[in-house]
Amino acid sequence: MYRNIIWDLDGTIFDTYPAMARAFKAALNELGADAPLDWLEDQARISFGTCSLSLATKFSLPEPDILRVYREQYYRIPLSEQPIFEGVVDICELMLARGGLNLIVTHRGDGSAHRLLDASNISHYFTDRITQDAGFPKKPDPSAFHAMIDKHNLVQAETLAVGDRDLDVQAGQAAGLFSCLFTNRTSAVSPDLTFNDYGILEDFLKAN
């Protein structure tokens with residue numbers, strides 16, 4: 001029986017990519033450039049760093065300037081426009097009902113992660129989180145997953161990794177976890193479970 005989940009945050013718990021794309025577009029506009037929102041969202045889905053580097057290269061702009069203006073623009077976007085995906089809370093409650101844990105490994109900074117979780121009143125569902133502030137190598141490196149497993153004495157056979165990007169799956173599988181991909185897009189990896197609706201994951205968990 002699965003009792004624990006190590007969650008990703010952006011694009012997995014919260015629908016944040018549209019807001020990130022809007023902030024990148026506003027940053028470009030302020031710096032005298034422009035790009036389509038759908039392309040920016042695709043870049044952000046690969047990774048935040050990929051997006052900022054792509055923009056710096058494509059438009060010959062200093063990446064620090066892009067990031068500075070991006071942050072100014074991003075924090076102007078209401079948290080209400082970065083909602084929790086439907087079904088996440090139900091799955092968190094299921095893990096807690098089984099005596100397990102919900103944990104987070106994210107590339108987002110700790111203050112920013114706390115801001116999202118607290119504003120949505122779901123912090124209490126999560127026992128612990130590892131953010132970029134902890135200094136672990138970024139996914140797909142599994143170091144942060146191993147640290148979480150060791151810290152909380154998790155049984156790997158009872159623990160899922162859930163994320164929305166290939167690198168989440170790669171990190172989870174490298175840590176010996178059953179790894180689930182939340183997406184409706186084509187993947188270059190082989191997740192143990194792919195789903196585009198949390199109801200599918202909930203049904204799987206109730207059967208396992």
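Listed by position, the helices (runs of 4 or more DSSP H) enclosed by the range 86-164 that each have at least 3 residues that are over 24 Å from Asp192 (Cα atoms) are 110-119. When we screen Ala147, Ala134, Ala161, Ala113 for residues that are surrounded by 20 or more Cβ atoms within 10 Å (Cβ to Cβ), farther than 20 Å from Leu181 by Cα and modelled with pLDDT of 95 or more, the only hit is Ala113.
Evaluate the following for Ser80: is it more than 20 Å from Ile46 (Cα to Cα), small (Gly, Ala, Ser) and free of Cβ contacts under 8 Å to residues at least 40 places away in the same chain? Against the criterion (more than 20 Å from Ile46 (Cα to Cα), small (Gly, Ala, Ser) and free of Cβ contacts under 8 Å to residues at least 40 places away in the same chain), Ser80 qualifies.
So, in the range 166-189, of the ones that are among the small types (Gly, Ala, Ser) and at pLDDT below 95, which residue ends up surrounded by the fewest Cβ atoms within 10 Å (Cβ to Cβ)? Full working, then the answer.
If we filter the range 166-189 for residues that are among the small types (Gly, Ala, Ser), which is where we start, we get 171-172, 174-176, 179, 187-188.
Subset that is at pLDDT below 95: 187-188.
Numbers: Ser187: 12, Ala188: 7.
Across the range 166-189, the extreme among qualifying residues is Ala188.
Could you check how many residues of the range 165-206 are among the small types (Gly, Ala, Ser) and in a helix (DSSP H, G or I)?
Narrowing the range 165-206 to residues among the small types (Gly, Ala, Ser): 171-172, 174-176, 179, 187-188, 190, 199.
With in a helix (DSSP H, G or I) added as a condition, the list becomes 171-172, 174, 199.
So the count comes out to 4.
The requirement of being in the same structural domain as Asp203 (by TED's automatic domain parsing), closer than 30 Å to Asp203 by Cβ and either touching a residue at least 40 places away in the same chain (Cβ under 8 Å) or of a type in the set (Phe, Trp, Tyr) (or both) is fulfilled nowhere in the range 44-51; no residue meets it. Restricting attention to the range 27-59, the residues being more than 19 Å from Arg76 (Cα to Cα) and of a type outside the set (Asp, Glu) number 19. Hey, does the range 81-91 have a residue that's over 21 Å from Arg165 (Cβ atoms), surrounded by 13 or more Cβ atoms within 10 Å (Cβ to Cβ), within 20 Å of the chain's Cα centre (by Cα) and modelled with pLDDT of 95 or more? Yes, that holds for at least one residue.
Report, by residue number, each residue of the range 38-63 that is modelled with pLDDT of 90 or more and of a type in the set (Ser, Thr, Tyr). Please lay out each step first, then the result.
Taking the range 38-63 and keeping what is modelled with pLDDT of 90 or more, we get 38-44, 51-63.
Within the range 38-63, Ser52, Ser54, Thr57, Ser60 qualify.
What's the total number of residues in the range 150-174 that are closer than 24 Å to Gly49 by Cα and in contact with a Ser or Thr (Cβ under 9 Å, 6 or more places away or on another chain)?
Start the filter on the range 150-174 by keeping residues that are closer than 24 Å to Gly49 by Cα, which leaves 161-174.
Still in the list and also in contact with a Ser or Thr (Cβ under 9 Å, 6 or more places away or on another chain): 161-173.
Residues flagged as closer than 24 Å to Gly49 by Cα and in contact with a Ser or Thr (Cβ under 9 Å, 6 or more places away or on another chain) within the range 150-174 amount to 13.
The values are calculated or read from the model by the stated rules, or taken from the named source; none is laboratory data. As the structure is a prediction and not an experimental result, all values here were calculated from the model. Methodologically, a virtual Cβ is constructed for each residue, glycine included, from the backbone with ideal geometry; neighbour enumeration extends over all protein chains shown.
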